[in-house]
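Visitor: Can you keep this structure in mind? I'll have questions shortly.
A short reminder: the numbers here are calculations on the coordinates, not readings from a lab. This one's a predicted model, so the numbers in the text were calculated from it and none came from an experiment. Every residue, glycine as well, gets a Cβ built from its backbone with ideal geometry; the counts of neighbours run over all protein chains shown.
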Amino acid sequence: MNRILGTILGVACLAVAACSLVRPDSADTPKVDLRGTWLAEDIDGAGVIDNAQSTLEFTNDGRVAGRGGCNRYGGSVKAESGSILLSELFSTKMACAPALMDQETRYMDALQTVRSYRMESSKLVLVDATGKPRLRFSRQ
């Protein structure tokens, strides 16, 4: 019996985590499903290096993962009603060309400051606590 109850609770927890990545409908904001992989198109208004893909993937279990341009990274995410917090970020430590490392540093720094998100057309925009857009993504 305890095993069945544990399984049911585990499934319920996964369902709640998955739902937290989908912003609910309201009269003035459409439903936003963050789950999946997003490709960075802009970091702090400075664009990105074309073939150095910085990605952000939202999983169904309250986690994020991706590439910073050189290294892989991961962490936790809490997203709800337009607010977002990425925490416990970690990454591999490979060295790349200086331009790639610079982009990755700017990308990871920006990720750690975001506190809200919004959609502009089909683009995901991550915004810091001051209201400054830090990152813009397209769905991959």
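Visitor: For 116, 121, which order do you get if you count the other beta carbons within 10 Å of each Cβ and list the fewest first? Before the final figure, lay out each step's value.
Guide: Values: 116 17, 121 6.
Result, fewest neighbours first: 121, 116.
Visitor: For a footprinting-style exposure proxy, rank 50, 61 by other Cβ within 10 Å, fewest first.
Guide: Arranged by neighbour count, lowest to highest, 50, 61 become 50, 61.
Visitor: Next up: So what's the net charge close to residue 47: Lys and Arg +1, Asp and Glu -1, counting the other residues with Cβ under 15 Å from its Cβ?
Guide: Residues close to residue 47 contribute a combined charge of -2.
Visitor: Where does each of 72, 136 land when they are ranked from fewest to most other beta-carbon atoms within 10 angstrom?
Guide: Sorted ascending by nearby Cβ count, the order is 72, 136.
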